[in-house]
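As structure tokens, the structure follows; a few thoughts come after it.
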Amino acid sequence: MKRIPSLLLPLLLFLVLPATAQEAEPEWYTVYAEHVSISNQSAYEAGLGDLVSIFQDANITGAPWLTIQGSEIGYSYVFAGTGPGDLDELNETWDAIMAKLGDRGAKAMAKSDALVESRDMYFLMLRSDLSYRPDDVGISADKPFRHYTQVYVHPAKTKEFEASLPAWIAAYADAGVENGWLTYQYMTGSDLPAYLIVGSAKSEADFHARSAENESKLGDKIGELRAKTGPSLRKASETSGMVRGDLSYPQFGGGN
């Protein structure tokens, strides 16, 4: 993992959506992803693990991250509370940390960086108004599995899409569904508008078992909800990942 490449900044800032229609104090997330071939993942993780240990030994503060790994999302590093306007500060903080760690930190970073095949990054904004939160859907060592539904909305139908989600929230609440989801809006990218709906569970099997149970609770209502939301969508896709507490900083819980 390395500092945010400065060459990405003009493109990202050009593609960022205006936040004027969002919450008065938006909750931003910067996601920086690295993609590594399966054959190199063990060596990559060893280098990243060394870097995390070095951070811990030096009691580094000011640059916490959450690592989520998946076949399609690669190794995604989530920096909470940082948006486009925070990138210079984030990079300055990272550079200062690496200067403090010296050769030991540089060697650990280089060990994993050399194995990266591609990188990408994007900004997300949490949409609490479009999320269902009866439980903690955030960082949890007990529920490390993450299910992601990416929905791509017709540009002219963003209002209709957003207006349809409160009905989903109300229906789930009325049915007594205990597990929730978080909705994020992609604020950068070439295929906007788009949203990311995130659910968590103990495992992939647990997630799908719960989903089937939830649909059973909703009954015919789920068909009505899909009929209302569907026309506003261009396409949708699903993927998943596992929270890697062992490769996050500070570390927590277990590994993969």
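Residues whose amide H comes within less than 5 Å of that of Leu233, counting only those at least five positions distant or on another chain, are His154 (H built at 1.01 Å from N in the peptide plane). Summarising the amide proton neighbourhood of Gly180: residues at separation of 5 or more, or on other chains, whose placed amide H is nearer than 5 Å comprise Asp135. Exposed loop sites here mean GluC sites (Glu not before Pro) with a DSSP loop assignment and at most 16 other beta-carbon atoms within 10 Å; the chain contains its longest site-free run at 179-256.
Convex hull of alpha carbon positions in the chain: directionally averaged projected area 14.0 nm². For the cross-link pairs Lys159/Lys228; Lys157/Lys202; Lys100/Lys143; Lys157/Lys235; Lys202/Lys228, the ones whose C-alpha atoms lie over 24 Å apart are Lys157/Lys202; Lys100/Lys143; Lys202/Lys228. 3J(HN,Hα) couplings calculated from phi for the stretch 59-68 with the Karplus curve 6.51 cos²θ - 1.76 cosθ + 1.60 (θ = phi - 60°) are, in sequence order, 6, 6, 10, x, 9, x, 9, 10, 9, 10 Hz; Gly and Pro show x.
Per-residue ellipticity at 222 nm, computed for the chain from helices alone with -39500 (n - 2.57) per DSSP H run of at least four residues, works out to -12000 deg cm²/dmol. The share of C-alpha pairs in the stretch 41-126 whose separation exceeds 16 Å stands at 59 percent. Couplings 3J(HN,Hα) for the stretch 102-115, derived from phi with the Karplus relation 6.51 cos²θ - 1.76 cosθ + 1.60 (θ = phi - 60°), are x, 4, 4, x, 4, 5, 5, 5, 5, 4, 8, 4, 5, 9 Hz, where x marks Gly and Pro.
In terms of its Cα atoms, the stretch 78-223 spans 61, 38, 26 Å along the principal axes, sorted from long to short. Counting only Cβ charges, +1 for Lys and Arg and -1 for Asp and Glu, the dipole size of the stretch 126-241 around its Cα centre is about 360 debye.
Read the figures in this text as sums done on the coordinates, not as results from a lab. If you're wondering where the values come from, they're calculated on a predicted model, not measured in any experiment. Cβ: placed from backbone, ideal geometry, glycine included. Neighbour counts: every protein chain shown.
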